[in-house]
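Inspection log for the structure reproduced underneath, given as structure tokens.
Computed from the coordinates by the stated procedures, all read-outs in this text should not be read as laboratory data. Since the model is a prediction, treat every value here as computed from it, not as a measurement. Counting neighbours? That spans all protein chains shown, and the Cβs are built from the backbone with ideal geometry, glycine included.
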Amino acid sequence: MQDLTVTGLEKKSNQELATKLNELLANYHIYYQNVRGFHWNIKGSNFFQLHAKFEELYTNALTRIDEIAERILTLGYTPLHSFSEFIGNSSIKETHNLTSDRETVGTTIENITLLIKLEREILKLADESGDEGTEDLLSTDLNENEKTLWMLNAFLNG
């Protein structure tokens, strides 16, 4: 019993999952800030459509951030909670002064692609450790991110 957590998972795999979830949390924070900035600063003929879409994306990201942080706590660890930690642990980079439809949507596609890659890595770890809670949390998000990716690609290539 000493090698199990209160959720019944092995401590070693639990720690690996928490570390990867913190990485996902950091990436989601930078992604959130990027799309929030796109919402504020988008210009051009697609302003109304993208202004609304970016608001939808950052609102969803904010919900995901909370869910990921709470999952980390459920696993018995502390979620990252400072901007310096988010920047230092994120593969997604901050954007600056992007205002056109093509560059904001293109960057959002790149960001979501990184989120999907990380989610798949975590899903594999969760499956190997028998962590159905993390699997459930991420499989729903993965499906939403894949659909959003398809839609954004359709926008750019339409």
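May I ask you to derive the relative contact order of segment 90-146, considering only C-alpha pairs under 8 Å and at least 6 residues apart, and to give it as an integer percent?
32 percent
I'd like to know which of ASN27, ILE122, SER13 lies farthest towards the positive end of the charge dipole of the chain, counting +1 on Cβ of Lys and Arg and -1 on Cβ of Asp and Glu.
Checking the options against the dipole of the chain, the answer is ASN27.
Once the convex hull of the alpha carbons of segment 72-143 is built, what does its volume come to per residue, in cubic angstrom?
106 Å³
Taking N as the number of residues in the chain, what is its Cα Rg relative to 2.2 N^0.38 Å?
Scaled against compact globular proteins, the figure is 1.11.
Per 0.36 nm of contour for each residue apart, how much would the distance between LEU62 and LYS124 grow if the chain were fully extended, relative to their Cα-Cα spacing?
19.9 nm
Calculate the spin-label point distance for GLU132 paired with LYS43, positioning each point 7 Å from the Cα along the beta-carbon direction, and give it in nanometres.
In this crude label model, LYS43 to GLU132 measures out at 5.3 nm.
Nothing charged except the Cβ atoms of Lys and Arg (+1) and of Asp and Glu (-1): what's the magnitude of the dipole of the chain about its Cα centre? Round to the nearest 20 debye.
Roughly 600 debye, rounded to the nearest 20.
For segment 1-33 and segment 36-55, what is the separation of their C-alpha centers, rounded to whole Å?
33 Å
Put a dot 7 Å past each Cα toward the Cβ at THR78 and SER139; how far apart are the dots in nm?
For SER139 paired with THR78, the spin-label model returns 3.3 nm.
Using 0.36 nm times the number of residues separating ASN97 and ASN153, minus their current alpha carbon distance, what extension gain do you get?
18.0 nm
Using the Cβ atoms and a cut-off under 13 Å, what net charge is assigned to the surroundings of LEU98, where Lys and Arg are +1 and Asp and Glu are -1?
Around LEU98, the charge tally is 0.
At a threshold of 8 angstrom on Cα-Cα distance, excluding pairs fewer than six apart, so keeping six or more, what relative contact order does the chain reach in percent?
The value is 30 percent.
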